[in-house]
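Here the structure is laid out as structure tokens; the discussion comes afterwards.
Computed from the coordinates by the stated procedures, all read-outs in this text should not be read as laboratory data. Since the structure is predicted, the reported quantities are computational estimates derived from the model, not experimental observations. Glycine gets a Cβ as well: all are built from the backbone with ideal geometry, and neighbour counts include every protein chain shown.
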Amino acid sequence: MLLARMQTGDSEAFAALYRKYWRRLFDAAYRRILLREESEEIIQEIFVDLWAKRETLLISVSLEAYLFGALRYSIYNLIRSRKIREAYLEHLLQLPGDQNNYIEDRLHYEELARALESSVQNLPEKLRKVYLLSRKEHLTYKEIAEQEQIPVDTVEKQMGRALKILRENLKEFAWAWIVLEMWDLYP
């Protein structure tokens, strides 16, 4: 059984599970989200989490049901964050045109951008390179894998690790992360 082998650290079993479920999970995510990159990131995070928790993972349902449950939860969180983002943007648009608020907000965003840039520069070299190719060069995971001559699975794992490190390093800036994503100010 692939799941049992994966839980003992068998990366080939993990890769087989990934190949078996990736397309179906991606298709389900894409139907709801309608954005390819976000769908890919959600699926990648689900599999990164599956691998990270492999030794302690207790699944009381089938692996397929577990994965699709994780997908529903991730999509719910994404939609919730979108609604928060939209509400925040609506709030910003309704604020009076007070120049002081604009300057203060801009300073906060610049502080976050500097902290993000610093965190990106402090990533391990391989993670930093994959992150920058994805975010700055807008390459797909497949294109990155071809350019770096590594498997797509490796690109996905490295991107997942990079995003996890960045989120952890920037958790104090969570209030502004959403706004920077909207205005595409982050790398």
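Through the Karplus equation 6.51 cos²θ - 1.76 cosθ + 1.60, θ set to phi - 60°, convert the phi angles of the range 115-128 into ³J(HN,Hα) values in whole Hz; use x for Gly and Pro.
5, 5, 4, 5, 5, 5, 5, 8, 5, x, 3, 5, 5, 4
Output ³J(HN,Hα) for the range 129-141: one whole-Hz value per residue in order, computed from phi by the Karplus curve 6.51 cos²θ - 1.76 cosθ + 1.60 with θ = phi - 60°, and x for Gly and Pro.
Along the range 129-141, the couplings run 5, 5, 4, 5, 5, 6, 7, 8, 8, 6, 7, 6, 4 Hz.
Within 10 Å, count the other beta carbons around each residue, average over each peptide in 39-49, 115-125, and list them highest first.
39-49, 115-125
Based on the Cα gyration tensor of the range 35-83, what are the three equivalent ellipsoid semi-axes, each the root of five times an eigenvalue, rounded to whole Å and given largest first? Can you show the working numbers first?
Details: eigenvalues 91, 29, 17 Å².
Equivalent ellipsoid semi-axes, largest first: 21, 12, 9 Å.
Provide the descending list of Cα extents for the range 108-156 along its principal axes, expressed in whole angstroms.
38, 19, 13
Could you pull out the pairs from LYS53/LYS164; LYS126/LYS157; LYS83/LYS142 whose alpha carbons sit more than 19 Å apart here?
Result: LYS83/LYS142 exceed 19 Å.
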